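Data block below; observations after.
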Amino acid sequence: MKKYSRLAVVLLFVLAGACLDSSLLALPAASEPSAQEKPAEQVYKNIQILKGMPQSQLQQVMALFTGSLGVRCGYCHVNPFERDAKPTKQTARRMIQMVLDLNREKFGGRGTITCNTCHRGQSTPDSALALGGNLFLPQPPAVKPDTSMPTVDQILDRYVQALGGREALEKFTSRVSKGSRIGADGILVPEEVYQKAPNKLLVITRYPDDARTTRFNGQRAWSGGKDQVDEVTGEELGELAREGTFNKEISLKEMYSSLSLAGRATVGDKEAYVIEASSRAGNAEKLYFDTQTGLLVRRYRESRTVLGPYPLQTDFEDYQVVDGFKLPLTIRWSMPGRVWGRRIAEVKHNVAIEDGQFNPPAKQ
């Protein structure tokens, strides 16, 4: 069974809180993580161009490479990954330096130029323009703005009511969800999510030869398997702190620094209201609420890296009523070059969970 990088696993755990909602509530632990972040070269071997980059960004940047070039890790790497056995790895280093230099010298250090600027999903960028467009044909008239849109407050209030109402959410103090992780390769493995108010989270993914866990005890977090457990730092820790918050659906207005209505968009075969949001960490997000049901059907967010924005999309499907509260029983995450998900088969509320389960396992 193929294993995925620690960050990919952590991202899955982070964005799949037991409530399976994408909303995040700002906490002191998120803005002031107790675990100090190290630069990438102190955690990973043979880092040459990306020295000084926070360790939590390395796997995000690698995902940006794979998505931008339409390749997998083996295009540049061999095992162990620190080896310089392929010419494409040396080429990648030169290209990374070129992008960094362009942004520093021409764009004031902003991440304006990225790998995707030229590659657009291909290992070799196209140099010729695509044909078939005709700029001289009459253009369709501009669409008039829709004046029948609800307000942000109306959309968020309707969302809470669609889930079952504030009282239904507040009666729960813990939640246990069991089901399957849907791997990027389509293979399903058992997965369990334990969450306890006010802000504790445990996710266990049971591979045939190992159980991968991510634990957040309200202040610190750890992720790993039977051979190694690492402390989670940086943005990963902030995400776990926020996602571990219980009943965050009723606190959407408090968790963002700004919320504004952007219009309508299509998500699958549904029409959705789009709310643009800025997280407390300064990242751009979009929340999509079904115009018919009022439910959250998609969350899109971008975080900043040294090589441009890192996008992550979460889609919520198959809402079902569990103990008077609606939950999405299928969730899909999309990052550059990879899509994976979770399918929930069983949910139980107000289950007794010992606080010690959210701490790292004792060393043998």
>> Quick check on segment 147-269: take the gyration tensor over C-alpha atoms, sort the square-rooted eigenvalues as a ≥ b ≥ c, and tell me if it's rounded (a/c under 1.5), prolate or oblate.
In response: prolate
>> Given a Förster distance of 45 Å, report the FRET efficiency between residue 343 and residue 86 from their Cβ-Cβ distance, rounded to the nearest 0.05.
In response: 0.80
> Given the Cα-Cα distance of residue 48 and residue 112 and 0.36 nm per residue of separation, how much length would full extension add, in nm?
Replying inline: 20.8 nm
>> For a quick check, take a GNM of the chain with Cα springs below 10 Å and name the residue from 269, 290, 157 with the largest mean-square fluctuation.
In response: 269
> For segment 26-165, treating each Cα as an identical point scatterer without solvent, what Debye log10 I(q)/I(0) comes out at q = 0.12, 0.15, 0.16, 0.18 1/Å?
Replying inline: -0.81, -0.94, -0.98, -1.08
> So which chymotrypsin sites (Phe, Trp or Tyr not before Pro) in segment 68-163 are both in a DSSP loop and have at most 15 other Cβ atoms within 10 Å of their Cβ?
Replying inline: 81, 107, 136
> Of 352, 168, 63, which is the most mobile in a GNM of the chain whose springs link Cα atoms less than 10 angstrom apart?
Replying inline: 352
>> If you average the C-alpha positions of segment 307-364 and of segment 78-101 separately, how far apart do those two centres end up, in angstrom?
In response: 34 Å
> In terms of Cα to Cα distance under 15 Å, which aspartates and glutamates are near enough to residue 45, apart from those fewer than 8 places away along the same chain?
Replying inline: 82, 84
>> From the phi angles alone, apply the Karplus equation (6.51, -1.76, 1.60; θ = phi - 60°) to segment 329-339 and give each ³J(HN,Hα) in whole Hz, x where the residue is Gly or Pro.
In response: 8, 10, 10, 10, 10, 10, 10, x, x, 7, 10
> What residues qualify as long-range amide H neighbours of residue 230, i.e. H under 5 Å apart, gap of 5 or more or another chain, H built at 1.01 Å from N?
Replying inline: 223, 224
> So for the chain, what percent of the C-alpha to C-alpha distances run longer than 27 Å?
Replying inline: 51 percent
>> Using each residue's phi in segment 130-139, evaluate 6.51 cos²θ - 1.76 cosθ + 1.60 at θ = phi - 60° and report the 3J(HN,Hα) Karplus result to the nearest Hz, with x for Gly and Pro.
In response: 6, 9, x, x, 9, 6, 9, 6, x, 8
> Counting other Cβ atoms within 10 Å, which trypsin sites (Lys or Arg not before Pro) in segment 156-258 have at most 16 and lie in a DSSP loop?
Replying inline: 171, 226
> Can you work out the FRET efficiency for the pair residue 170 and residue 219, with r the C-beta to C-beta distance and R0 = 25 Å, to the nearest 0.05?
Replying inline: 0.60
> Which pairs in the list 226/248; 196/270; 144/270 are over 23 Å apart, alpha-carbon to alpha-carbon?
Replying inline: 226/248; 196/270
>> Please compute, for the alpha-carbon atoms of segment 208-364, the extent along each of the three principal axes and give them in descending order in Å.
In response: 55, 44, 32
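Any read-out appearing in this document is the output of simple, stated calculations on the displayed coordinates, not a laboratory observation. Bear in mind that the values here come from a model prediction, so they are computed numbers and not experimental data. Counting neighbours? That spans all protein chains shown, and the Cβs are built from the backbone with ideal geometry, glycine included.
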